[in-house]
Every structure is written in C-alpha cells, then in structure tokens.
Amino acid sequence: RQKLKILSKAEPLLGNIQDISHQVWFFQDQTLTAVPRKNCMVPVTVTLISCKCPETLEKDKGNPIYLGLKEPELCLFCEKVKDQPTLQLKEQNIMDLYYENEPVKPFLFYHSQSGRTSTFESVAFPGWFIAVCSQGGCPVIVTQDVGKTYITDFVWSVLY
Amino acid sequence: MGVPCLLFCGVSLALPLFVRAVECKDSSVKNEIISVDHPFAFNCTYPPLTSEQVNITWYKPSSKIPVSRNTQSRIHQDESWILFLPMTWADAGIYQCVIKNINSCHRIHVNLTAFRKYWCGTSRNVLPNLSDEYLQTLHFGKDDSLMCHLNFPKSCVLDLIKWYKDCKEIKEERFNTVGMKLFVKNVSAEDRGKYACQARLTHGGKEHTVLNSISVDVKKIEYGDRIPKITYPRNNSIEVELGSTLIVDCNITDVRENTNLRCWKVNNTLVDLYYRESKRIREGYESCVPFEQYNRYTVNITFLQVKMEDYGRHFVCHAGVSAAYIVLKLPVPDSRAYLIGGFIALTGVAVSVMCIYNVFKIDIVLWYRSTFRSTGAIDDGKLYDAYVLYPKPQSGSQRQEVDMMVLKILPEVLERQCGYKLFIFGRDELPGQAVASVIDENIKLCRRLIIIIVPESLSFGLLKNMSEEQITVYNALIQDGMKVILIELEKIKDYTDMPESIKYIRQKHGAIRWSGDFTEESQSAKTKFWKKVRFHMPPTRYPPS
C-alpha cells in the first residue's frame, strides 16, 4: 500500500464523501445526489484542496477548503437563489481557485472534523452546512437545519 | 365569426401546451435492478424544480397513457412516485416520468431490470452485475450502524424490520435495531459478511415483504491526531553566507484525511505573495510519502540569493495549527574555536617551556650562577659548603673506590675546580677530638650534606650501628634548610633494606648516580654527573676553571 508520491505541482486531494447512512455522492444530469452505495453504481470522485490564504477567514470553524468534482470538472459553490443560500455546481478548475491570492468565499467551506466524521460549512453563508436527506436520491444541498431532517455529518476518505 | 374565434382561442390555448411538450428535455437513463415478487417504488425528482410547483406524470414503456393513479392498481402513481406492488417479470422496461412547471419540462427515463433474487436456501448462480446488493462499511473497534434503505411513498407503512446475517436472524445483544438502522457495538472482523434487512410493507390493507441484501465490509481506520507534527525546522537558526542560495525543507507528518494547509510564511504572509515581485524567495512544490496511517509531506523554501534583510527574520513553516520557524544567521568567526585554539597553543608553549626547562634546568641554573654570581662572601655563619658522609665497606675494592671518590675525586672537582669547601670526616677533624662533638659541631657549619652510598653499605648498615652517621643524618633532617645530596656509587636496585631516613631522603631529593671511573685524571666539573652535583650545591663564588 505504501508508494511514493512526489507531486510536481500542487494537486487537490481525491476522495469519496459518504454519510453515516452509507450513501455516497453520485453525479447525474448536472445534479449531485446522495444515493445508497450499491455494486452497480460508481460514486463521484470529489476533489478537495485547502485555501492558501485563510487569514481573513474565521479560525475556529475548521480548515477552509475548496470542493469540486473530478469528472466532470465542477466546483461546489454557494449563492443566493430567491434569497435562499443554495448549493450550486459550476464549471471551474479547482486549482485556479487555489492559486487566487484572495479567498474565493462562495467556493469555500470550513472543513471541521470530529472523530471520523466531517462537516462542511459555507464560508459565504456561515451556519449553512452541506447536507443530504437520509432517503436515497436526495440532492446535495446546504441547510441551516442541522441535525434534524438532514444529515450534515460526512465521512471523507482519500483515494490513492 | 363565432366559430373561427373559438377555433383561434382553442389553438392559442393549445399552442403553448403543445410547444411545452415539444420542449421537454431528456435526461440520461437511470438504471434500476429490481427483484421480482417484491414491492418497488421510484421517486421522480428533478432537483432544480423540486422546490416549485410541478406536475409529474409517469408513463409505462412505449405508452402514451399515464400510469393509473388508482391506489388499488398493482402499478400506480402515488404523488411523484411510481409504485409496483409487487414487481413482475413483465414490468421490465424503460419508464418515463415527465416533470414540468410553467417554464420548463424534463423527461426522466428509468430502465427497470427484473431479476429473481435467491436468498438463503434457494442458492443459485446469479450474474454478479445483476444484483441490487447494497455495500456498507463498518469501522473496526467502533460502535457503528447499518442502514436499511426502504424508499417508499408515505402511503406505505413499513414495520417489523428484521435483520439477518448469513441467513440467520440477528438476536445478539451487541446488535440493536432502531428504526431503519441496525446499531453494532464494538465492531469486530467477524461482523463482515452478507446481511439482509426484511420489512413488512402495508399498503391499502395488503401486506408485502421487502428484502434488501447488504454486503458488509469491516475497515480498520485509525483516526489519529488532527494536529500535524512538524519534525523540521525546530525554531532553529541556519548559518548562511550573504548572496548564497539556500533551500530549506519543512518536514510534516499528518493524518491522510486531514485537510491542513502546509505553507511557508514571512510576516504572516505567504512567501510567494510577500516576494510576489522579485520571486527571490519562493515556496517549492510539495512532496508526499504515504504511510499506513499518515502521510509525510515535505515543502521547501528556496532563497535564490540571501540578502542582508533576510537575516534575523522568522521564516515560518505552517501545517494547520502547527508552526515552526528558521532564522538565518551570518556565519561569524567562531570565537569559541579561537579561544580553544589559543588555550591549546598557550598550553603547548607552557609545556614546551617546562620540558626545555626540565632538560636544561641544570645548565640554566649553572649558567645563571656563573653570570650573576655574588662577589662577596655569603654571610650565613657557615664555614663549609658540604659535609661528606660516606660508608666504610669491608670489601677491598669497594673500600678503595669509596676512598678514591671521597678523598680524591670530590676534593679535586668540588674544592679545586669549583671552589667549594668540604668537610670530610677522617680528613678535616682535629686529631684527638671526640667523634660525636666533631660531627655535631661541624655539621652545623655546613650548607649541604653529601651522602655517598654503595650497595654493600646496606648490608653493613650505613646508619645502623654507627653513631657518627646517625648524628649526621639526624642533624641534616631536623635542621631547616639543610639540603641532602645522595650519591650512589653503583646502581642500587633495592632500597627496602635501607634505613627509613635514607629512604626518605631518596624519596624527597632523589639520588645522583656516579657515572665515571675511579681515576684521579679526566675529572671535569662539566660532565653531566658533576653538573647535577653542582646544581644541588650552593652557588659558588667563582666558576669552575
């Protein structure tokens, strides 16, 4: 399992995001959903990279990170749709965000770890967390209704 | 007039509906594998439209007639769901769900494949890809849970959930069913295996059985420290020449899943940003070596050319909340090395001087005495320079040698050549004087005591029974300032038989061994032996001729 990995340049981490109900993130029809993991289904590979310039961001909420999908190359971001913070996907190279000299707040999430689970809180809309519902096939959204209807605890695992 | 108007109105009303139907966007096909004779439900959603008022219609394969909404029908639409109670072989095919609102329309295709699930006792080979098996993971050593995914519309009542492992119903205390979940305490490797959850589904008074197969894996994952460790630098200084190139690695170990940022900063700014213009100091690319539980990262900082302003400044490597810095220092001449060097040199010189002095001590002292000799008499109340004490061996040759030494050679060299005045018992006493008084009186008038010893003198007891010698040595030892010169005429191997006083003198002042022969001729005060003797003698008033 041990192998050397020398990066010739900065690269995002590649991994999967599952939730405690054994659902994985699945991308189809421009939509990111959480579905129960099955044999016949390939979960989406998530890209993740830390923000280089977190000085202006809150310190105790977790590591500010950019989140994206490997294939197709999309990034998760939050914006208001009809006065409601909404999780969206945008065609965006995650490394371009990484190389920005200022934090690109709509694309940033505070990654907070507790035990083996993680939460992802929007930097642009504090108090809004990435969430899924426990029934299969729900879209991945942002909510401020934490710990009730929605699942906001995820298991982030790195692929090599 | 009325008819065309009505026709026009009808067309104008129908046209937008017609246009909208044409505009329906097709989504990619969703595949579902369903076991026959089991209930199945599929929810038609199109996330961008869910929060709005939408109209959803389900169609069977190659049919333009919407699926029935009659709840008693085996296949019917229940709100946004299509419900099969239960699924049959004949139901396989591509179903369509049209979801539309005022502005848009989407057509979702769902390909249903039917298969026969063989479960416990009815084992038969099933194509591995034709499986509705769920994959779930339990974490070793932790309390974890499995989920029974039962997605049906609200009209379906699900209860009596039973869990099976390898076809046996789970009844152990370690397992606990709450709602759709099976909680497992203290997960062990044996918990890996084929599970199934079974539930009763009641709909419209009819009962059905739902069965999910779950393949469970057990993973051992250590969730280590969230705080990364910086193994280098350690807030240390680095000596570097002005103008040189410098590369410093920052070594970090961190848990694989951690998302801590690793970087070099100066003045709390990324070095790449701080030296954005000159690019003189830059952060290098990161390398990563994965280990079982953690990764080892290396991030370097490159100084293309060290400048004066870099010295004393903190260059900080950050890894999450951890930080460690380096400080550049000008290489100063090492004063400590100089001190040590100087000390060694001084010690060397001192040791050399001591050695030279020890080797040439006698010559130096004799030269000094001859150069800076006092012209006047030494006024210390002494009459003689040395009292000569010697044994009188019984053997003829030894007696001859001792006499030759004492009566001829000593006077020749010390008295005639060097100008000393000796008191030799047996030569200088006045006849008729008592031995004890001669010694007692004369020794007080002497500056030194010369004792001549020969090996045989021991056996005959130099000082054992002769009061003359005893008095002499006693006086010499108790009188302050009286130096004793011990001359061995031959090599004396063993001093153990010697009297304590001689041993003491030998230990305190050492002995001079005679190295010449016993002839009157060829005696020079400049030989090594006589130099030694003269060194121990008091300063002379005139030098040897």
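The values are calculated or read from the model by the stated rules, or taken from the named source; none is laboratory data. Being a predicted model, the structure only gives us computed values, none of them experimental. Counting neighbours? That spans all protein chains shown, and the Cβs are built from the backbone with ideal geometry, glycine included.
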Using beta carbons and a limit of 8 Å, which pairs, at least six apart or on different chains, have the first residue in region B:516-531 and under 22 Å from B:Ser370 (Cα atoms) and the second one at pLDDT 80 or above and assigned to a loop (DSSP other than H, G, I, E, B)? B:Ala525/B:Cys418; B:Phe529/B:Trp514
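Restricting attention to region B:263-281, which residues are charged (D, E, K, R) and either closer than 26 Å to B:Val332 by Cβ or surrounded by fewer than 16 Cβ atoms within 10 Å (Cβ to Cβ) (or both)?
Looking only at region B:263-281, we keep the residues that are charged (D, E, K, R), and these are B:265, B:272, B:276-277, B:279-280.
If the condition is that a residue be charged (D, E, K, R) and either closer than 26 Å to B:Val332 by Cβ or surrounded by fewer than 16 Cβ atoms within 10 Å (Cβ to Cβ) (or both), then B:Arg276, B:Glu277, B:Lys279, B:Arg280 are the ones that fit.
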Show the residue pairs meeting these rules: Cβ distance below 6 Å; 6+ apart or different chains; first residue within region B:33-47 and farther than 12 Å from B:Asp78 by Cβ; second residue in a strand (DSSP E or B) and of a type in the set (Ser, Thr, Tyr). B:Ile33/B:Thr113; B:Pro47/A:Thr31
Note on B:Thr253: of the conditions (1) surrounded by fewer than 19 Cβ atoms within 10 Å (Cβ to Cβ); (2) at the interface with chain A (Cβ under 9 Å from one of its Cβ atoms), unmet is (2)
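Among the residues of region A:22-42 satisfying the criterion of being surrounded by fewer than 17 Cβ atoms within 10 Å (Cβ to Cβ) and within 16 Å of the chain's Cα centre (by Cα), which is farthest from the other protein chains (Cβ to nearest Cβ)?
Pass one, region A:22-42, residues surrounded by fewer than 17 Cβ atoms within 10 Å (Cβ to Cβ): A:28-31, A:39-42.
With within 16 Å of the chain's Cα centre (by Cα) added as a condition, the list becomes A:30-31.
Working: A:Gln30: 8, A:Thr31: 5 Å.
If we take residues in region A:22-42 being surrounded by fewer than 17 Cβ atoms within 10 Å (Cβ to Cβ) and within 16 Å of the chain's Cα centre (by Cα), then A:Gln30 is farthest from the other protein chains (Cβ to nearest Cβ).
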Selected residue (criterion: modelled with the lowest pLDDT) from residues of region B:75-112 that are among the aliphatic types (A, V, I, L, M) and out of contact with any Phe, Trp or Tyr (no Cβ under 8 Å at 6 or more places or on another chain): B:Ile102
Identify all residues within region A:111-130 that are buried (at least 17 other Cβ atoms within 10 Å of the Cβ) and of a type outside the set (Gly, Ala, Ser); write none if there are none. A:His111, A:Gln113, A:Arg116, A:Thr117, A:Thr119, A:Phe120, A:Glu121, A:Val123, A:Phe125, A:Trp128, A:Phe129, A:Ile130
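I need the full set of residues from region B:284-295 which are more than 10 Å from chain A (Cβ to nearest Cβ), in a strand (DSSP E or B) and surrounded by fewer than 19 Cβ atoms within 10 Å (Cβ to Cβ), in order please.
So the first thing to find is which residues in region B:284-295 are more than 10 Å from chain A (Cβ to nearest Cβ), and the list is B:284, B:293-294.
Now narrow it down to the ones that are in a strand (DSSP E or B): B:284, B:294.
Across region B:284-295, the qualifying residue is only B:Gly284.
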Which of the residues belonging to region B:135-191 are within 13 Å of another protein chain (Cβ to nearest Cβ), of a type outside the set (S, T, N, Q) and closer than 30 Å to B:Arg69 by Cβ? B:Cys148, B:His149, B:Leu150, B:Phe152, B:Pro153, B:Lys154, B:Cys156, B:Leu158, B:Gly179, B:Met180
Can you find a residue in region A:48-58 that is within 10 Å of chain B (Cβ to nearest Cβ), more than 25 Å from B:Gly320 (Cβ to Cβ) and of a type in the set (Val, Ile, Thr)? no
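The rows are residues; the columns are (1) surrounded by fewer than 19 Cβ atoms within 10 Å (Cβ to Cβ); (2) in a strand (DSSP E or B); (3) away from every other protein chain (no Cβ under 12 Å).
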position	(1), (2), (3)
A:Pro72	yes, no, yes
A:Gln88	yes, yes, no
A:Leu97	no, no, yes
A:Glu100	yes, no, no
A:Phe109	no, yes, no
A:Val132	no, yes, no
A:Val142	no, yes, yes
A:Trp156	no, yes, no
